[in-house]
Each structure stands twice: as structure tokens, then as C-alpha cells.
1. Hey, any idea what Rg/Rh is for the stretch 113-193, computing Rh the Kirkwood way over Cα pairs?
2. How high is the relative contact order of the chain, given as a whole-number percent (alpha carbon pairs under 8 Å, six or more residues apart)?
3. Strictly over 28 Å apart at the Cα level, which of LYS48/LYS95; LYS95/LYS174; LYS18/LYS95; LYS93/LYS180 would you flag in this model?
4. When the accessible area of the stretch 50-193 is split by element with a 1.4 Å probe, what percent falls to carbon and sulfur?
5. Please list the radius of gyration and Dmax for the chain, considering alpha-carbon atoms only, with Å as the unit.
6. Give the accessible area for VAL164 in Å² (nearest 10); use a 1.4 Å probe, count only protein heavy atoms, and leave out ligands, DNA and RNA.
7. Taking a point 7 angstrom from the Cα of ASN59 along the C-beta vector, which residues in the stretch 25-40 have backbone N less than 18 Å away?
8. Which three extents, in angstrom, do the Cα atoms of the stretch 65-174 have along their principal axes, listed largest first?
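The values are calculated or read from the model by the stated rules, or taken from the named source; none is laboratory data. Because the structure is predicted, anything quoted here is derived from the model rather than measured. Positions of Cβ are backbone-derived with ideal geometry, glycine not excepted, and every protein chain shown enters the neighbour counts. Surface accessibility is based on the protein's heavy atoms, side chains included, excluding ligands, DNA and RNA. Shrake-Rupley method; radii C 1.70, N 1.55, O 1.52, S 1.80 Å.
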Amino acid sequence: MKNLTWDMDFRPEADREKIFGGLVEGRECGECSACCTHLTIRTPEFQKPEGIACEHCANPGCGIYEERFPVCREWQCLWKHIGAMPEEARPDKSKIIFSLQRPNDPPHPFAKLYIGGWAFDGVEAYGTELGRNLIAMFSQGDLPVWLSTPDGLGHLVHPEPNIVDMVTEGQKPKNKTERKEAKAWAAGIKRQL
């Protein structure tokens with residue numbers, strides 16, 4: 001599967017607030033500007049390609065923070081919403097941006113609403129103790145987890161491949177536990193339509 005694009009031409013703010021609640025008190029972007037460099041932005045008021053720093057990046061932070069574009073004001077990585085993510089999980093430190101994604105035209109049944117992780121400096125970030133712990137934390141939930149990399153590939157890491165095959169290809173479950181899990185995932189995907 002091709003890399004799931006990190007465009008900000010859709011805005012899942014309502015989903016994010018409903019699922020994760022508000023921002024963690026006291027969590028600020030600070031010196032982090034990972035989203036300002038590593039995400040594609042395509043909105044009527046502002047466009048920026050992936051991998052190119054926004055012209056307003058002031059290293060550190062944003063040079064027009066108080067007057068920033070609506071997409072920049074509204075978009076938040078999950079580090080700002082999930083208190084269980086430690087300080088070192090901030091994207092500029094972990095080298096991974098985690099966010100809630102809801103593509104307009106999902107390329108896969110498990111890509112309608114999902115947690116996306118992008119190791120913008122390379123897949124090594126997923127293999128660190130912190131990266132493994134964050135992926136494990138997100139994989140305990142009931143949202144699919146996709147990991148993307150700079151090489152253009154996207155990988156579904158939660159749920160397990162056998163559950164995905166049961167839901168998408170009708171593969172038979174091996175036991176009652178698998179049947180129950182596949183049924184729950186199938187129902188969850190239908191709710192996301």
C-alpha cells in the first residue's frame with residue numbers, strides 16, 4: 001500500500017476532541033515545529049509541500065504564531081491531547097508525529113479513521129524504546145494504527161494481520177476469540193462510514 005498522505009485538506013478536529021478530549025493542560029508546542037516542516041498542507045488560504053519548512057518557521061517555533069492560518073491553529077498532534085504520552089514523545093524529540101486521520105477518500109477499509117504515525121527522519125524512530133512503547137500504547141485501543149515512513153510506504157500495525165484478513169477478505173477465524181475480535185473490528189469500521 002502506498003504511503004497515506006499527510007494532507008491537511010480534511011480536518012478531524014471534532015473526531016479528535018470526541019475521542020481524546022481537550023488539550024493536556026500546559027502542553028505547548030514550544031520549540032517543536034515538526035508539523036510545520038514534515039506535513040503537506042493544502043487549504044485555500046495556505047499550501048505547503050511535505051518536507052519543506054513553512055516560510056513562517058522562525059526556528060524555534062512559528063514567526064506568525066498569533067496570526068497563524070486556521071489549519072495551523074486547528075491541527076494538533078496527539079502528543080498535545082494524550083497525557084500518557086511523555087514529554088520526550090513530543091515530535092521534535094521522538095522524531096514521530098502521531099495524529100488522528102480521517103481521509104476524504106480512504107484507500108483501505110481500516111483507513112477511514114485511524115491513528116497515524118510518521119517517523120519523518122526514518123524508521124529507526126519506531127524501533128527505539130519510546131517508539132515501541134508509543135506504538136504498543138496506541139495498539140491497545142479500538143482505532144487502527146498505521147505507520148508511515150519517508151520512503152512512501154504505509155503499514156497497518158493494529159489490528160493484527162489475521163484480523164484484517166477476516167474483516168476484509170472473509171478469512172475464517174481459528175477460534176471464538178478471533179471471531180469476537182473480527183466482529184468488533186467489522187462493526188467499528190461500519191460505524192466510521
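1. Details: Rg = 13.9 Å, Rh = 13.7 Å.
On the Cα set of the stretch 113-193, Rg over Rh gives 1.02.
2. Numbers: 269 pairs, mean separation 34.6, N = 193.
Worked out over the chain, it gives 18 percent.
3. Working: LYS48/LYS95 20 Å; LYS95/LYS174 38 Å; LYS18/LYS95 26 Å; LYS93/LYS180 38 Å.
Exceeds cut-off: LYS95/LYS174; LYS93/LYS180.
4. It is 52 percent, rounded to a whole number.
5. 17.1, 57
6. Taking all protein chains as shown, VAL164 has close to 10 Å².
7. 30-39
8. 54, 33, 29
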